[in-house]
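Please read the structure below before turning to the comments.
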Amino acid sequence: MSHMHEQKITAGLLKKLMSAISEERWCAGWMHGLEYTLWDMITGRRTGVCSREEIEQLKYLSEKCRGWIIWDEQSRDEKFVPMQEWVRLYEAWNRKPSEED
């Protein structure tokens, strides 16, 4: 299997898993800020929402596809981003003062 093919498959599985966790925990197809919340769990900054198995799966798929899935406001849909881009987005998000909804 080519790397591009493998990346496409693992990114698709990652998107499905993230969306399933969102549905199960927050009853939303893609909870606002889901990509950041789940990343916090993978990196150990936040605990208690996902099972250890789910975290292992998220980590594994993310490493395999070398990226992460984000919500893209322009297309109003989920979108794969390469790891370097995701790390930049995550760091920028972390620097933002938290907005009260």
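The table for this structure:
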read-out: Rounded percent of accessible protein surface that carbon and sulfur make up, the chain, 1.4 Å probe; value: 51 percent
read-out: Signed unit charges on C-beta, dipole axis of the chain, positive-most listed residue 10, 71, 22; value: 10
read-out: Residue (of 32, 80, 49) at the positive-pole extreme of the chain, dipole from beta-carbon charges; value: 80
read-out: Cα-only radius of gyration and Dmax that characterise the stretch 16-64, units Å; value: 9.9, 28
read-out: Degrees separating the helix 52-65 axis from the principal Cα axis of the chain, which is the longest one; value: 60 degrees
read-out: nm² value of the averaged projected area, convex hull over the Cα atoms of the chain; value: 6.9 nm²
read-out: Accessible surface, per residue, of the chain when the full set of protein chains is kept, probe 1.4 Å, Å²; value: 67 Å²
read-out: Area of residue 61 that stays accessible when all protein chains are in place (1.4 Å probe, Å², to 10); value: 20 Å²
read-out: Relative contact order %, the chain, counting alpha carbon pairs below 8 Å whose residues are six or more apart; value: 27 percent
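The values are calculated or read from the model by the stated rules, or taken from the named source; none is laboratory data. These numbers were taken from a predicted model, which means no experiment stands behind them. Virtual Cβ from ideal backbone geometry, glycine too; neighbours counted across all protein chains shown. These area figures cover heavy atoms from the full protein model, side chains too; ligands, DNA and RNA do not enter into them. Shrake-Rupley method; radii C 1.70, N 1.55, O 1.52, S 1.80 Å.
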